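The values are calculated or read from the model by the stated rules, or taken from the named source; none is laboratory data. Nothing here was measured: the structure is a model prediction, and the numbers come from that model. Reconstructed Cβ throughout: ideal geometry from the backbone, glycine too, with neighbour counts over all protein chains shown. To get the accessible areas, we keep the full protein, side chains included, count just its heavy atoms, and leave off ligands, DNA and RNA. Shrake-Rupley method; radii C 1.70, N 1.55, O 1.52, S 1.80 Å.
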Amino acid sequence: TTTPEPAGSLEVALKNAAQLLTTEPRLAREQAEEILKVVPEHPIATLYLGVARCRLGDADAAAAVLRPLAEAHPDWAPAHHELG
């Protein structure tokens, strides 16, 4: 048998943020911001924050998050895709 992940684990928080992006981008943004308080500059959480900001209609705020992410990870396609 497998042991379930603790409710507060990083993996669970990231999965939750990813699921919220399509239905509740405001909540996804909040989840990503909370993750980044605990793990600053986490690339996936940063990506989710940028995507959520874009889906909330704030392209400038999204770009402000995604541009440095894409620069820091030049070979990571998701960051460049979302910035585009």
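Points worth noting:
- Relative packing of peptides 43-49, 12-18, 26-32 - highest average C-beta neighbours within 10 Å first: 43-49, 26-32, 12-18
- Rolling a 1.4 Å probe over the heavy atoms of the protein chains gives the chain an accessible area of 64 Å² per residue.
- Unit charges at the beta carbon, dipole of the chain: most positive-side option, L36, T23, W76: T23
- The chain, accessible surface, carbon-and-sulfur percent (1.4 angstrom probe): 55 percent
- Taken one residue at a time, the phi angles of region 73-80 give Karplus couplings (6.51, -1.76, 1.60, θ = phi - 60°) of 10, x, 9, 9, 4, x, 5, 6 Hz. Gly and Pro are set to x.
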